1. (1) under 13 Å from A:Thr273 (Cα atoms); (2) buried (at least 24 other Cβ atoms within 10 Å of the Cβ); (3) away from every other protein chain (no Cβ under 13 Å); (4) more than 22 Å from the chain's Cα centre (by Cα): which one isn't true of A:Gly229, the others all being true?
2. Name every residue in segment A:67-92 that is assigned to a helix (DSSP H, G or I), touching a Lys or Arg at 6+ places or on another chain (Cβ under 9 Å) and either surrounded by fewer than 23 Cβ atoms within 10 Å (Cβ to Cβ) or more than 7 Å from chain B (Cβ to nearest Cβ) (or both), in order of residue number.
3. Out of the residues in segment B:205-259 that are surrounded by fewer than 24 Cβ atoms within 10 Å (Cβ to Cβ) and outside any helix (DSSP H, G or I), state the one that is farthest from the other protein chains (Cβ to nearest Cβ).
4. Name, by its number, the condition in (1) farther than 28 Å from A:Leu238 by Cβ; (2) within 32 Å of the chain's Cα centre (by Cα); (3) more than 14 Å from every other protein chain (Cβ to nearest Cβ) that does not hold for A:Val21.
5. Go through B:Pro425, B:Pro392, B:Pro431, B:Pro398 for me and flag whichever is without any contact (Cβ under 8 Å) to a residue 60 or more places away in the chain and out of contact with any Pro (no Cβ under 9 Å at 6 or more places or on another chain).
6. Check B:Ile21, B:Ile2 and return the single one that is in contact (Cβ under 8 Å) with a residue 12 or more places away in the chain, in contact with a strand residue (DSSP E or B) (Cβ under 7 Å, 6 or more places away or on another chain) and surrounded by 24 or more Cβ atoms within 10 Å (Cβ to Cβ).
7. Are any residues in segment B:278-295 surrounded by fewer than 24 Cβ atoms within 10 Å (Cβ to Cβ) and not aliphatic (A, V, I, L, M), and if so, which ones?
8. Those residues that are in contact with a Leu (Cβ under 8 Å, 6 or more places away or on another chain), surrounded by fewer than 16 Cβ atoms within 10 Å (Cβ to Cβ) and either closer than 30 Å to A:Leu46 by Cα or among the hydrophobic types (A, V, I, L, M, F, W, C) (or both), I need them from segment A:154-182; list them, please.
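The values are calculated or read from the model by the stated rules, or taken from the named source; none is laboratory data. Since we're looking at a predicted model, the values are computed, not measured. Note that each Cβ is placed from the backbone with ideal geometry, even for glycine, and that neighbours are counted across all protein chains shown.
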Amino acid sequence: MTYPTLIVLVGTTLLGSTAGVLGSFAVLRRRALVGDLLSHAALPGLCLAFLVLGRSFSGMVAGALLAGLVAIGLMTLVCRFTRTKEDAALGIVLSTFFAAGVVLLSVIQKQTGGGSRAGLESYIFGQAAGMNLRDVWMIAGLSLASLVMVLLLYKELKLLSFDPGFARAQGWPTFLLDMTIMGTLCVVTVVGLPAVGILMVALLIIPAATARFWTERLSLMLVLAAMVGGMAGAVGTLLSAGLLQEWIGFDPLAFGDRTKNLPTGPLIVLCATAVFLASLLFAPRRGIVARAAAGLRLRAKTAREHLLRTLFELSEPHLPERPVVTLEQLLAQRAWSRAWARWLVWWGQRRGSVERAGGGVRLTEAGLGRATKLVRAHRLWELFLIRGANIAPDHVHRDADAIEHLLTPELVAELEAQLEPAAVAELPGGVPESPHEISPHNTSPHDEERPA
Amino acid sequence: MIEWFTSLDPNTQTAFWIILIGAMTNTACALLGCYLVLRRMSMLGDALSHAVLPGLVVAFVLTGSLGIYTMFIGALAAGILTAVLVHWLHRGGGVPEDASMGVVFTALFALGVVLIKRYASAVDLDIDCVFSGVLDMVDLNTVRIGGFDVPRALVSIGPVLALNVLVILLFWKELLLSSFDSGLATAMGFKAGFFHYLLMVLVAMTTVASFEQVGSILVVAMLIAPGATAHLLTDKLGRMMGIAAGLAVASAVLGHFAAVYLNVNTAGMMAVVVGLFYLAAVLLAPRYGVLSALVRNLQMSVRVVREDLLGMLYRLEELGVERRLGRGEAIEAVGRGPLARLALRGLLRRGDVKREGHLLELTDRGREQATGLVRAHRLWEAYLVEHLGLPPDHVHEPAMRTEHYLGAALQERVAAEVADAETDPHGREIPS
């Protein structure tokens, strides 16, 4: 690794992790697109500074910073004092500022005889390779400063992120805190612009949105966002320098000889996006796969329990005998297809709650026990609705049908305590009588749903 | 007609085409923008204009052509994909809406840039032109229609504008309802989702058709600013669209001339002009403007102080003492400051109060007004004591505030509600 590459690597890693931490607050505050506003609004500031002060680095940073702060201030004022909503205010300020930048840029181009025609392009795409040691020190100082700020204001920012109304009611200066966060965001964006370009906004949003999939705790989210951002910065830089391809021995992007031309900013963003997509799919609780699996599990449990309850209800007159129930009887009670019912029975057999006998099925001992518990929960809930919520007996089945699968033993015990003991009839296992007629017309639309 | 036009000075012809294309593009954007602003989806235009980049590259790689139709289809597909992804990430993935927009468009933009470098680095895709447009040179690229050279941009933006107008007219009430109350629209059997995507497709088409010529920054500005400006000026959707279209055309005209005068980028200048229109509306809009609200509040405050002064002079007369207030005393009594001075000057000018030497005296006109005010004040005090059970020493403050808003009709209703409409809780007469 060459020395310049190392510098760029350190710089982008630090930039990525700092942006990840600060972006977390922006995402939680629903201000994710403020980064977009900042990265566009800095252009007129840069151009003005160039026109007034000439090619001075600190002048241009100051100009960009000032333009960004003015843009944020204007947006906040417009939202506060007019009926224009936040999204429109943001868009108007963004486009007007950027357009002013384009206008100023055309002035500069005429002055310099088209010499800086590449100006807009490098502004938009950034040039990480141009990073020098001084820039890295600046980024490092900024990272440290924002880390200190987040640590010092942690409690306040946490409250602001999750419940701004409460924070205001508690007397925190929410406006000032908001402006502190936005101001720091502005500084980070401006410092990141030369390296990553307009895609700086992605570094603010994507790591934060990724981290949000994995945790419900702000502290952990900040750490994860910093890690994702830093990792994206590092991997993107290595990819763009062609080093990663050398190390792993093949070129994942199939770029061949042109590796050296790859723009760093977009690669960093794509790395972050890859982590985002993986989290979107596979995060333990909020990920799509996990949520789909949880949904499927619940549906399977519901279907299984519906079979048990239906069998119980059909066997009820003969209890404690366990009579044989035919498939036809089952189908008459439920809106099930024949294949689906067969499959449910097969499944019940595997779990040991149903057995085949004489041309039909019946509950096993274990199955009867499970079904009894279930029907008990169902009917207790129905009784509770009738007594407690004053709902007509023929209207309670549907609700109980949905909730029976979710009632825990503790809740059932509490329901029992709430109801008079006389209501809990002396049936096997203490199952109260059904408060309504049991008929297929009383079954709920939930039965028609089955796993896709 | 055509001969007359072609005989014109070439510069005038160019100006005509720039303004015409600009006005048509701006109008097409502004009409859709009204819906975007109302549905709080303003940033979608910005997201789309970044996200179409990979669509352009993929279309080029697949067909090897940079033709207008290939580009159009590629960009349109990318635009629709963006809208779908943003919606799906928000609904299905549980990501906040703004963050999902940010993730999708930046990722697609980055992908587009990398794809360009990978497959199309030979192609000169001028980023400058993508953002700031080539509106200045719009008449250099022409097609021949009916033996007449028109700019190619006209062929792409003309039909899109017509389509937008057509769809808006056809689905006027559905779009109206689903923009203001999508829940109600769904309950009434309109497919709110369908109109959401219809709008998305129109926005994507308009964005794509516009930005080859005018640049994406003007498209983003025109999708938001005219609609938001019109929203500050009216509460009716029809009127809002009319105003937005008018602003779109006006900013094309003014933007062009300003750009020529200052010798700067035309599309950028048009966007700046429409931003200034918005600023003007923020300050000056009759009902929702900041300055107008300020003036309204000031007028209200002066009226309150004026009426307080009248009430005070009336009560002094009522006591039957000889003492009258001087100008300084009166101003002192209502809190001094410029408001008090303005109020007193107003009373003297209206002839409600006259000067007797250096003392102030109510005129007949002033006395009549003051009677109404004091009546309102005391009726309200009586009402508060009788119906809200407030102690008599707590009712003066609220009555001080309410007296200014209790007109003759309300006074009659309050009088009917209280048992004794002749005397107030402090034992003073209620005048009539």
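1. (4)
2. If the condition is that a residue be assigned to a helix (DSSP H, G or I), touching a Lys or Arg at 6+ places or on another chain (Cβ under 9 Å) and either surrounded by fewer than 23 Cβ atoms within 10 Å (Cβ to Cβ) or more than 7 Å from chain B (Cβ to nearest Cβ) (or both), then A:Cys79, A:Glu86 are the ones that fit.
3. B:Lys236
4. (1)
5. Working: B:Pro425 fails: out of contact with any Pro (no Cβ under 9 Å at 6 or more places or on another chain); B:Pro392 fails: out of contact with any Pro (no Cβ under 9 Å at 6 or more places or on another chain); B:Pro431 fails: without any contact (Cβ under 8 Å) to a residue 60 or more places away in the chain.
After ruling out the rest, the residue left standing is B:Pro398.
6. On the way: B:Ile2 fails: surrounded by 24 or more Cβ atoms within 10 Å (Cβ to Cβ).
Going through B:Ile21, B:Ile2 in turn, just one is in contact (Cβ under 8 Å) with a residue 12 or more places away in the chain, in contact with a strand residue (DSSP E or B) (Cβ under 7 Å, 6 or more places away or on another chain) and surrounded by 24 or more Cβ atoms within 10 Å (Cβ to Cβ): B:Ile21.
7. Once the filter is applied, which keeps residues that are surrounded by fewer than 24 Cβ atoms within 10 Å (Cβ to Cβ) and not aliphatic (A, V, I, L, M), segment B:278-295 yields B:Pro286, B:Arg287, B:Tyr288, B:Gly289, B:Ser292.
8. A:Phe162, A:Phe166
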